[in-house]
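The values are calculated or read from the model by the stated rules, or taken from the named source; none is laboratory data. Small disclaimer: the values here were computed from a predicted structure and weren't measured. Note that each Cβ is placed from the backbone with ideal geometry, even for glycine, and that neighbours are counted across all protein chains shown.
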Amino acid sequence: MRKLLPTTLGIFRVLFPTVQMTYIFVYGTLKKGQPNYYRMLDITNGKAEFLCYARTVEKYPLVIAGKYNIPFLLNVPGKGQHVRGEIYSVDDQMLKFLDWFESCPQMYQRTRILLEVEHRIGEGEGTPKVGSTTEAFVYSTTTYEAEWLQKPIFDSYDAYGDHGLCYVTREARE
Ligand code: PCA
């Protein structure tokens, strides 16, 4: 009989379902000021909260490739540079959106990566401290062409940089 009575905790869980948040490291067009950043701000995609700037603990080749000049972090640890980007805490809805948007797992695979926190804004509880290492997901790829390994590598992506490899947005692709 006792079992059928809703517990206080049970009621609380129904009223306030816990939202699963996931850390994502973005290094490309999803960063602040880059062509797809607005998608992180669009609440119809879900929630994304900026946590801090960070760089990869390992080196990776970050290249710009393909006919649309897309940034790719090649999953080749130890080769390349420490890549700079931003860590966000995202909810499940945003995570699903990003998986779809990044054509994961066909074009990118979402893998875990170790990061060193470089700078953070605010003192938000749970935000990793500067100098600490933390883990997050990243959209990297193992499905690249061999010649991409010969391309110029970057430590920080800027779609508008003087490399001149202008990113072609999804809308502009034929
Ligand atoms: N979008 C993802 C992966 C590369 C890209 O352009 C990002 O910004 O991290």
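Remarks
- Taking the criterion of being away from the ligand (no atom under 16 Å from the Cβ) and of a type in the set (Val, Ile, Thr), the residues of segment 105-133 that qualify are 117, 121, 127, 130, 133.
- Output for segment 32-62, where each listed residue is outside any loop (DSSP other than H, G, I, E, B), more than 11 Å from the ligand (Cβ to nearest atom) and of a type outside the set (S, T, N, Q): 38, 41, 48, 49, 50, 51, 52, 53, 54, 55, 60
- Residue 93 being away from the ligand (no atom under 15 Å from the Cβ), in contact (Cβ under 8 Å) with a residue 12 or more places away in the chain and either within 27 Å of residue 171 (Cβ to Cβ) or of a type in the set (Lys, Arg) (or both): yes
- Condition check for residue 28: within 14 Å of the ligand (Cβ to nearest atom), more than 20 Å from residue 95 (Cα to Cα) and outside any strand (DSSP E or B): no
- Qualifying residue in segment 58-80 (condition: at pLDDT 95 or above, within 23 Å of residue 121 (Cα to Cα) and surrounded by fewer than 20 Cβ atoms within 10 Å (Cβ to Cβ)): no
- Any hit, segment 117-126, residues being under 22 Å from residue 35 (Cα atoms), outside any loop (DSSP other than H, G, I, E, B) and at pLDDT 95 or above: no
- Verdict on residue 66 being over 29 Å from residue 131 (Cβ atoms), touching a strand residue (DSSP E or B) at 6+ places or on another chain (Cβ under 6 Å) and of a type outside the set (A, V, I, L, M, F, W, C): no
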